[in-house]
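Everything below concerns the one structure shown next.
The values are calculated or read from the model by the stated rules, or taken from the named source; none is laboratory data. All of these numbers come straight from a predicted model, not from anything done at the bench. Cβ atoms come from the backbone with ideal geometry, glycine included; neighbour counts cover every protein chain shown. Just so you know, the surface numbers come from the protein's heavy atoms only, side chains and all, with ligands and any DNA or RNA stripped out. Shrake-Rupley method; radii C 1.70, N 1.55, O 1.52, S 1.80 Å.
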Amino acid sequence: MAKFKVLKNFRDIHTNEIHEKNTEIEMTVKRAKEVEKNLDGSFLERIEEEKEPEGAE
């Protein structure tokens, strides 16, 4: 699963859930590409997760 920032309100056609602007959601990259295809690329922005350096505790 990847994290995305919602840039515009939209309703998920699979879950009927309304995603509001400026919220963070998790979905698969495949599902995000489907949203992009059905709407356009201006609804979601992927949030890159920071990885901890190896050996950091």
Distance in nm between residue 18 and residue 40 label points, each 7 Å along Cα→Cβ, equals 2.2 nm
Taking the chain and counting helices only, DSSP H stretches of n ≥ 4 at -39,500 (n - 2.57) each over all residues, the nearest-500 ellipticity at 222 nm comes to -5000 deg cm²/dmol
To test your reading of the geometry: what angle, between 0 and 90 degrees and rounded to tens, separates the Cα axis of helix 29-38 from the longest principal axis of the chain?
30 degrees
Peptide ranges 12-18, 38-44 listed from the most packed, as the mean C-beta count within 10 angstrom indicates
38-44, 12-18
Note the listed values [x] 35, 18, 18; [y] 44, 23, 7; [z] 42, 21, 20, then indicate which one is Cα extents along the principal axes in Å calculated from this particular structure.
[z]
For the chain, size of Cβ-based charge dipole, Lys and Arg +1, Asp and Glu -1, in debye
460 debye
Quick check for you: with a 1.4 Å probe and neighbouring chains kept, what is the accessible area per residue of the chain, in Å²?
86 Å²
